[in-house]
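The values are calculated or read from the model by the stated rules, or taken from the named source; none is laboratory data. Since the model is a prediction, treat every value here as computed from it, not as a measurement. Neighbour counts run over all protein chains shown; Cβ positions are idealised from the backbone, glycine included.
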């Protein structure tokens, strides 16, 4: 690689990339994120290469392994340009026909196109797939165009143009003002205005640091991983701009040890940025010195909290500190430190390039721009979804997510990770932004969104998250440490059929105490899953305690399966699938369940096509 000592040299290189006359005429973009790779992306790539060679097309089409395209439910995903032909769930054996029809005959291979589950319509182009069509992919859209291991593919899409603008056309104060006017709020959880952090950090003397929080620990959340793996340079560019604005010469990315692909791609991207002069001494001849280093965390959820993260970054136990002194004044190494998460830094180049007014045109009055959500759980289209702030829960779950599978009813959506809350159906039309979710007792968090259907027990859900938080609490302060243990003991009793009058009120009392007196954000938000499930699903708690019943049929001591003899036609399917041999009966006659043998696995309930299995 050539090192560029000035802006003009880099400009010439980018112009050459963008105006290249020779080279491939088309692009075959193949998702190589973990979800797609596990289904054989590398093998598929090899078959594509063989087919291109067979048809004499090797010089005309580039095969590009990219990061996550977002539509994880349909992986491995492949898109062919020009034309935007979209092929989901591709397999090696499908490739010969797809290549011949699409590239040789210039027509879609209909057998392998995406079929809209709602309309049964075959959709040719990626842009017309409802999952993508209803999104605004300002940040995540470039993932399918960029090879994360080739800096030129990022430069060709306009990458690092915001950095050049910031270094040579703007002062640090103007950059901070632009971020302030855009009203960029931190995407890591609390939604604190980024510009206030930046300006506060800048005004304090001493060596300053910028830090990227990539310690994504929420169950079901993988937005940051998707960006780090697929487009690491947009985070690097944001960090460099932020460092220049704040006056920092050193930056760190604190990333989870469990993200090996993200770490590998980020390391390679940092190396490439150094090689061409975008990191290190005198960046592009601007006089600004800055470099970025990676620190791998051990997977402690509490290290997502700013002071705990910085303690871990220093090599100390990851334990939060009281916030009477802010990290923007005394943080990492007791120096002014600015911490933002992956998605926040990825927004910065967009704001500098397109302007605060463009950015602020999206979203709500107090929550601007777009947000990436990890949409998982009992929803048809799982994946990463980017929408403008203010998009309703209903639009995300039903219009983009495709609704609830198996014709089941929606019950709740949990937002904000383990510290978030569970939101019921009556609030589906709530616009999703920082303030509206807080009003419902939940939080935006980093963007996790877990959908639940009618077969979910909300008491058990609360128990699951409290169990997670017990393991992840640092144990420093009594309210969090002991409060979580007491909550867990009560929830266990309730789910075992041993709940008693006053348990609900005691859970509320403990939760309120934790919110008021815990040391850090983990402790103060930890009761949210319990308090919101009590607020919105109190009847389920009462059924567990008063009636000794689990309405959803999840808590095994509180229900059993029975066969409705009038509905059962003796098809024998349930008996054949029962792993315990607990179901008996003659063919075409009603069957029965031996309660002593039944382990309540639910296989009979799920397999019955005549709704003859009842939860009692």
Next item on the list: Quick one: count up the residues across the stretch 55-89 that are within 30 Å of residue 401 (Cβ to Cβ) and assigned to a loop (DSSP other than H, G, I, E, B).
Entry: 13
Check: Can you pull out the residues in the stretch 139-168 that are surrounded by fewer than 22 Cβ atoms within 10 Å (Cβ to Cβ), more than 26 Å from the chain's Cα centre (by Cα) and under 26 Å from residue 363 (Cβ atoms)?
Finding: 161, 165
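Looking at the structure I just gave you, is residue 191 crowded, with 17+ Cβ neighbours inside 10 Å, in contact (Cβ under 8 Å) with a residue 24 or more places away in the chain, within 25 Å of the chain's Cα centre (by Cα) and in a helix (DSSP H, G or I)?
Working: crowded, with 17+ Cβ neighbours inside 10 Å: yes; in contact (Cβ under 8 Å) with a residue 24 or more places away in the chain: yes; within 25 Å of the chain's Cα centre (by Cα): yes; in a helix (DSSP H, G or I): no.
Considered against the rule, which asks whether it is crowded, with 17+ Cβ neighbours inside 10 Å, in contact (Cβ under 8 Å) with a residue 24 or more places away in the chain, within 25 Å of the chain's Cα centre (by Cα) and in a helix (DSSP H, G or I), residue 191 comes out as no.
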Checklist line | Hits in the stretch 244-253 (condition: touching a strand residue (DSSP E or B) at 6+ places or on another chain (Cβ under 8 Å) and either in contact (Cβ under 8 Å) with a residue 60 or more places away in the chain or surrounded by fewer than 22 Cβ atoms within 10 Å (Cβ to Cβ) (or both)) | finding: 244, 246, 248, 249, 250, 252
Next item on the list: Test each condition in (1) more than 26 Å from residue 219 (Cα to Cα); (2) touching a residue at least 40 places away in the same chain (Cβ under 8 Å); (3) in a helix (DSSP H, G or I) for residue 366 and report the one that comes out false.
Entry: (3)
Check: Failed condition for residue 456, given (1) part of a loop (DSSP other than H, G, I, E, B); (2) under 21 Å from residue 545 (Cβ atoms); (3) touching a helix residue (DSSP H, G or I) at 6+ places or on another chain (Cβ under 9 Å), with all others met?
Finding: (3)
Notebook entry, point to check: So residue 97 fits all but one of (1) surrounded by fewer than 23 Cβ atoms within 10 Å (Cβ to Cβ); (2) without any contact (Cβ under 8 Å) to a residue 60 or more places away in the chain; (3) under 23 Å from residue 404 (Cβ atoms); what number is the exception?
Noted result: (3)
Check: What number of residues in the stretch 404-436 are surrounded by 17 or more Cβ atoms within 10 Å (Cβ to Cβ), in contact with a strand residue (DSSP E or B) (Cβ under 6 Å, 6 or more places away or on another chain) and part of a helix (DSSP H, G or I)?
Finding: 1
Checklist line | Where residue 52 falls short, out of the listed (1) crowded, with 22+ Cβ neighbours inside 10 Å; (2) assigned to a helix (DSSP H, G or I) | finding: (1)
Next item on the list: Select from the stretch 488-518 the residues that are surrounded by fewer than 21 Cβ atoms within 10 Å (Cβ to Cβ) and in a loop (DSSP other than H, G, I, E, B) and list them in ascending order.
Entry: 496, 497, 498, 500, 501, 502
Notebook entry, point to check: Which residue pairs have Cβ atoms closer than 9 Å, lie 6 or more positions apart in sequence or on different chains, and pair a first residue in the stretch 322-343 that is at positive phi with a second residue that is modelled with pLDDT of 95 or more?
Noted result: 333/207; 333/209; 333/310; 333/313; 333/314
